[in-house]
Amino acid sequence: MSLTRLGKIKIIKMKPTLLVLAAGMGSRYGALKQMDGVGPNNEAILDYSIFDAKRAGFGKVVFVIRKDFAEAFEKVNNTERFGIPVEYVYQGLECLPEGYSVPEGRVKPWGTCHAVLMAADTIKEPFAVINADDFYGKEAYEVMAKYLTECEGKRGAYSMVAYKLRNTLSEFGTVSRGVCTQDENHYLQTIVERTSIAKTEDGAAYTDEEGSHPLDLETLVSMNFFGFTPDFFEHSTEGFKEFLDTEAKTNIKAEFFIPLMVNKLINNGEAKLRVLSSDAVWFGVTYKEDKPDVVAKIQNLVDKGVYPNELWK
């Protein structure tokens, strides 16, 4: 994209898009936590995410939501409120490739990478993916926006903001995290989704069908803050079909997670993923009992001037 002015060509970079995964059931939390107020004027965590993304240089927001709460969600989260273009796409069990149908007895959503796929016809530029109910910190959006802006026109140039496991656990139950390893140049080597991580006397551990396994609290984990170039949609479309033909046929609860697709693309050499570092601090509300701590942390940031007392005047 270019603009000619006084005989000179000025290159205008396309702003990246923020894709917000907000279709989760919130079963452990017990409510539609994406819209639960935690700020001094009842702002939700996602309000702070949009605020941070907007000032970091993102140009558009796309929400992945479910149709059963679309009317209530869209009434609150829109272009008029945020002052940035907002679009919506919808995730449901029936959103499958041609020729596929929902297996009998399937009620669990298809997973985070399936949610990303819902935006394939809407996003044509580099984009970041976040969870609606996670607070990532303004510095995280700054480093991600910078990286994505430099990725325009590229393929397979992915990224993620990683956090230390010790800063992402809940006192009130298990959590799901993508456990990561990186090389000396800060490129991701592996990422494995662990769905039952809990604090222990010695640190932390995850549980699977083989039992309990210890985890170092300094382990880097993904909180679903990824950056992708648009080719990720192409790869994921084929990857989802493969998932439906294999794992989903034998496991009624299997999910198509983002790390599953990322690992595959890194292993076959079709993509490289840069692990971005920042001073950002993560926090979130997995359980209702987590909320008071989040409210206190938000108020502390407001008191320090990181955020205005009222985000959307």
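The values are calculated or read from the model by the stated rules, or taken from the named source; none is laboratory data. Computed from a predicted model, the values in this text were never measured in an experiment. Note: ideal-geometry Cβ built from the backbone for every residue, glycine included; neighbour counts use all protein chains shown.
Overview of results
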{"read-out": "Filter result (at pLDDT below 90 and polar (S, T, N, Q)) within segment 208-223", "value": "SER222"}
{"read-out": "Condition check for VAL116: of a type in the set (Val, Ile, Thr) and farther than 18 Å from LEU19 by Cβ", "value": "no"}
{"read-out": "Selected residue [part of a loop (DSSP other than H, G, I, E, B) and of a type outside the set (Phe, Trp, Tyr)] from ILE130, ILE84", "value": "ILE84"}
{"read-out": "Unique residue being charged (D, E, K, R) and not in a strand (DSSP E or B) when the list is ARG166, ARG177", "value": "ARG166"}
{"read-out": "Count of segment 121-147 residues which are hydrophobic (A, V, I, L, M, F, W, C) and within 15 Å of PHE63 (Cβ to Cβ)", "value": "6"}
{"read-out": "Pairs with Cβ under 7 Å, 6+ apart, first in segment 147-171 and under 29 Å from PRO230 (Cβ atoms), second among the small types (Gly, Ala, Ser) and in a loop (DSSP other than H, G, I, E, B)", "value": "THR149/GLY57; GLY156/ALA271; TYR158/ALA271; VAL161/SER278; VAL161/ALA280"}
{"read-out": "Selection from segment 134-154 of residues that are touching a strand residue (DSSP E or B) at 6+ places or on another chain (Cβ under 6 Å) and part of a loop (DSSP other than H, G, I, E, B)", "value": "TYR136, CYS151"}
{"read-out": "Within segment 268-313, considering residues that are in a helix (DSSP H, G or I) and of a type in the set (Val, Ile, Thr), the one surrounded by the fewest Cβ atoms within 10 Å (Cβ to Cβ)", "value": "VAL295"}
{"read-out": "Any hit, segment 290-306, residues being more than 20 Å from GLN189 (Cβ to Cβ), touching a Gly at 6+ places or on another chain (Cβ under 6 Å) and small (Gly, Ala, Ser)", "value": "no"}
{"read-out": "Residue in segment 196-204 that is farther than 17 Å from SER277 by Cα and hydroxyl-bearing (Ser, Thr, Tyr) present", "value": "yes"}
{"read-out": "Tally, over segment 42-81, of residues that are in a helix (DSSP H, G or I), without any contact (Cβ under 8 Å) to a residue 24 or more places away in the chain and under 25 Å from VAL294 (Cα atoms)", "value": "2"}
{"read-out": "Tally of residues being surrounded by 12 or more Cβ atoms within 10 Å (Cβ to Cβ) and either closer than 14 Å to ASN167 by Cα or charged (D, E, K, R) (or both) across segment 201-212", "value": "2"}
{"read-out": "Residue tally, condition at pLDDT 95 or above and crowded, with 20+ Cβ neighbours inside 10 Å, over segment 224-234", "value": "6"}
{"read-out": "Subset of segment 147-162 [under 23 Å from ASN267 (Cα atoms) and at pLDDT 90 or above]", "value": "TYR147, LEU148, CYS151, LYS154, ARG155, GLY156, ALA157, TYR158, SER159, MET160, VAL161, ALA162"}
{"read-out": "Residues of segment 87-121 satisfying the condition of being β-branched (Val, Ile, Thr) and either under 26 Å from THR246 (Cα atoms) or part of a helix (DSSP H, G or I) (or both)", "value": "VAL102, VAL107, THR112, VAL116"}
{"read-out": "Unique match (being of a type in the set (A, V, I, L, M, F, W, C), surrounded by 15 or more Cβ atoms within 10 Å (Cβ to Cβ) and either out of contact with any strand residue (DSSP E or B) (no Cβ under 9 Å at 6 or more places or on another chain) or not in a helix (DSSP H, G or I) (or both)) among LEU260, LEU265, LEU244", "value": "LEU244"}
{"read-out": "Residue in segment 38-55 that is of a type outside the set (Lys, Arg), in contact with a helix residue (DSSP H, G or I) (Cβ under 9 Å, 6 or more places away or on another chain) and farther than 14 Å from TYR307 by Cβ present", "value": "no"}
{"read-out": "Flag for GLU98 being surrounded by fewer than 21 Cβ atoms within 10 Å (Cβ to Cβ), charged (D, E, K, R), over 25 Å from LYS297 (Cβ atoms) and in contact (Cβ under 8 Å) with a residue 12 or more places away in the chain", "value": "no"}
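Residues are listed down the side, and each one gets a yes or a no for (1) within 22 Å of ASN263 (Cβ to Cβ); (2) of a type outside the set (Ser, Thr, Tyr):
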site: VAL102; (1), (2): no, yes
site: ALA120; (1), (2): yes, yes
site: VAL129; (1), (2): yes, yes
site: THR149; (1), (2): no, no
site: LYS164; (1), (2): yes, yes
